[in-house]
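Novice: One structure follows; several queries about it will come next.
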Amino acid sequence: MLRDVIFEAAAAADLGPTKEERHLLPGNSARPGDVMIRRWANGKDAAIDATVTSPLAASNVVGAAAKAGSALEKACQRKLRDTAEACRQEGLPFLPFAVETLGGLHAGAVTQVKQIAAALARKNGQEEGVVTSQLFGRLSLNLMRGNALMLSSRCQADCPPHIDGFM
């Protein structure tokens, strides 16, 4: 899961992340983010909430065909609409981390990857560009694995053994 890649990279950078912290919003046990990083956004604790959307979904395909990144923007706006205001009232920055199944990342996600990679590079004394590239690669590989798992789980007992004469 993308959440795990973000969490592991932040932990390796000694940023003290936590997963799915509860009770961040008074009177609500909902988890506003997948990963919480202390003092992350302008010295404030921040909730990073990962979401994966498909530009090929019926609800996204028309917009995605007209404009690249449309599905990402829609997913990001949905996350902001659902959670950001409650977080803002508590002084908790909310950072949506939207990714497309086909590999696109929302600008906000790109910013978070670069910031985490920079912290990790400083901590390990490595070149920032190399660490950034490696982190993007880990996210990409994780996304591909997730896509493969989804596809393989849909085609177990229902798929015929011969498809168009190829098998």
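Novice: Can you tally the net charge around Gly103? Count Lys and Arg as +1, Asp and Glu as -1, for every other residue whose Cβ sits under 15 Å from the Cβ of Gly103. Could the numbers behind the result be given before it?
Specialist: Numbers: positive: Arg138, Arg145; negative: Glu100.
With Lys, Arg at +1 and Asp, Glu at -1, the neighbours total +1.
Novice: Solvent-accessible area per residue for region 55-100 at a 1.4 Å probe radius, Å²?
Specialist: Details: 2560 Å² over 46 residues.
Result: 56 Å² per residue.
Novice: Also, quick follow-up: All other residues with a Cβ under 15 Å from the Cβ of Met144 taken together, and with Lys, Arg as +1 and Asp, Glu as -1, what is their net charge?
Specialist: Numbers: positive: Arg138, Arg145; negative: Asp4, Glu100.
Once all neighbours under 15 Å are counted, the net charge is 0.
Novice: Which order, highest average first, do 69-80, 115-126 follow once you tally other Cβ atoms within 10 Å for each residue and take the mean per peptide? The partial results should precede the final answer.
Specialist: On the way: 69-80: 18.9, 115-126: 16.7.
The peptides rank, most packed first, as 69-80, 115-126.
Novice: How large is log10 I(q)/I(0) at q = 0.19 Å⁻¹ when the Debye formula is applied to the Cα atoms of region 71-133, each weighted equally and without solvent?
Specialist: Log10 of I(q)/I(0), two decimals: -0.79.
Novice: Right, another one. What distance in nm separates the simple spin-label points at Asp82 and Arg145, each placed 7 Å from Cα in the Cβ direction?
Specialist: 2.4
Novice: Once Rh for region 1-76 is found with the Kirkwood sum over Cα pairs, what is the Stokes-Einstein diffusion coefficient at 37 °C and 0.692 mPa s, in µm²/s?
Specialist: Working: Rh = 14.1 Å.
Translational D for this selection: 232 µm²/s.
Novice: Can you give the relative contact order of the chain as a percent, counting alpha carbon pairs under 8 Å and 6+ residues apart?
Specialist: Values: 233 pairs, mean separation 34.3, N = 167.
Taking the mean separation of contacting Cα pairs over the length of the chain, I get 21 percent.
Novice: How large is Rg/Rh for region 55-106, to two decimals, with Cα atoms and a Kirkwood Rh?
Specialist: 1.07
Novice: I want to check the label-to-label distance for Ala66 and Gln89. Put each point 7 Å from Cα in the C-beta direction and report it in nm to one decimal.
Specialist: Going from the Ala66 label point to the Gln89 one covers 3.3 nm.
Novice: Give the long-range amide H neighbours of Ser54: residues separated by 5 or more places, or on another chain, with amide H under 5 Å away, using H modelled in the peptide plane at 1.01 Å from N.
Specialist: Residues meeting the amide H criterion: Thr101.
Novice: Considering the values (i) 15.6; (ii) 17.4; (iii) 16.5, which represents Kirkwood radius over Cα pairs in Å as calculated for the structure under consideration?
Specialist: Given (i) 15.6; (ii) 17.4; (iii) 16.5, the structure-derived one carries the label (ii).
Novice: Can you compute the helix-only [θ] at 222 nm over the chain? Use -39500 (n - 2.57) per DSSP H run of at least 4 residues, normalise by all residues, nearest 500 deg cm²/dmol. Don't skip to the answer; put the middle values down first.
Specialist: On the way: 6 runs with 77 residues, N = 167.
Helices in the chain give a 222 nm mean residue ellipticity of -14500 deg cm²/dmol.
The values are calculated or read from the model by the stated rules, or taken from the named source; none is laboratory data. As the structure is a computational prediction, the values presented were derived from the model and not from experiment. Heads up, the Cβs are rebuilt from the backbone with ideal geometry, glycines too, and the neighbour counts pull from every protein chain shown. With ligands, DNA and RNA removed, areas are computed over all heavy atoms of the protein, side chains included. Shrake-Rupley method; radii C 1.70, N 1.55, O 1.52, S 1.80 Å.
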